[in-house]
Amino acid sequence: ARIYCDEGDNVKKGQLLAVLDSKEVSARVKQAEANYNSSISSLKAKEGELLFYENKLKALKVKLSQLKETVASQINIAKENLFLSEKNCEIAKSELMKAKATFERVKKDYLRFKNLYLRRVISEKRFDEIKNAFEVAKQNLESAEKTSKNHQGLLPLQEKNFLWLFLGERRWIY
């Protein structure tokens with residue numbers, strides 16, 4: 001660049017004051033254009049990245065909604081299973097009590113009839129009937145004890161499953 005006058009000089013209209021080096025200005029313009037183009041490219045890349053993450057967020061929201069529905073469904077199933085398990089325990093206890101009462105009654109009959117049979121007061125046929133009834137009552141009692149024990153064993157598992165789902169759902173979804 002060349003300057004033809006100093007600060008404070010008197011100048012006339014149309015007088016050449018300075019000549020700028022066009023190569024330097026051209027280089028600065030090219031540099032500014034390159035910076036602009038680079039910024040536009042970066043902007044487009046960031047817009048693409050933003051779109052990618054917005055789509056990913058939408059997909060995750062859909063998945064979260066599905067998970068909430070699945071967990072809610074699992075909680076309802078676990079709740080129903082727990083309710084059924086409690087009812088099955090009650091029924092099994094009731095059946096066990098009936099089986100015990102029946103067994104005790106038939107056992108008394110068996111012992112009484114055995115004594116009568118040994119004294120030859122009743123026939124062998126009648127004694128066999130009572131003996132069979134005693135065996136059936138004994139098997140029914142054993143079966144009722146086993147069923148009650150099984151249901152009692154399942155109840156804590158159903159409670160644990162329900163609580164695990166219920167408390168876990170509260171911890172991570174809300």
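The values are calculated or read from the model by the stated rules, or taken from the named source; none is laboratory data. Note that the coordinates shown come from a computational prediction; the quantities given were computed from them, not determined experimentally. Don't worry about glycine lacking a Cβ; one is built from the backbone with ideal geometry, like all the others, and counts go over all protein chains shown. Side chains are part of the model used for accessible areas, which takes the heavy atoms of the whole protein and leaves out ligands, DNA and RNA. Shrake-Rupley method; radii C 1.70, N 1.55, O 1.52, S 1.80 Å.
The table below gives the values:
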| quantity | calculated |
| --- | --- |
| The one condition in (1) open to solvent by 60 Å² or more (accessible area, probe 1.4 Å); (2) in a helix (DSSP H, G or I) that Ala99 fails to fulfil | (1) |
| Single residue of Asn37, Asn10 found to be among the polar types (S, T, N, Q), open to solvent by 100 Å² or more (accessible area, probe 1.4 Å) and over 30 Å from Pro156 (Cβ atoms) | Asn10 |
| Of the criteria (1) farther than 30 Å from Val71 by Cα; (2) assigned to a helix (DSSP H, G or I); (3) open to solvent by 60 Å² or more (accessible area, probe 1.4 Å), which one Arg120 fails | (2) |
| Whichever residue in segment 18-33 is among the acidic types (Asp, Glu) and under 26 Å from Glu7 (Cβ atoms) and, among such residues, is nearest to the chain's Cα centre (by Cα) | Glu24 |
| Enumeration of residues in segment 131-148 that are open to solvent by less than 70 Å² (accessible area, probe 1.4 Å) and within 40 Å of the chain's Cα centre (by Cα) | Ser143, Ala144, Thr147, Ser148 |
| Close pairs (7 angstrom Cβ cut-off, 6 or more residues apart or separate chains): over 17 Å from Met97 (Cβ atoms) in segment 128-153, part of a helix (DSSP H, G or I) and at pLDDT 95 or above anywhere | Ile130/Asp109; Ile130/Tyr110; Ile130/Phe113; Lys131/Tyr110; Ala133/Val106; Phe134/Val106; Phe134/Lys107; Phe134/Tyr110 |
| Residue, surrounded by the most Cβ atoms within 10 Å (Cβ to Cβ), within segment 45-88, restricted to residues that are within 30 Å of Leu155 (Cβ to Cβ) and of a type in the set (Lys, Arg) | Lys79 |
| Test: residue in segment 152-174 that is under 27 Å from the mean Cα position of the chain (by Cα), outside any helix (DSSP H, G or I) and exposed (fewer than 12 other Cβ atoms within 10 Å of the Cβ) | yes |
| Given (1) on the phi > 0 side of the Ramachandran plot; (2) within 51 Å of the chain's Cα centre (by Cα); (3) not polar (S, T, N, Q), number of the condition Tyr36 does not satisfy | (1) |
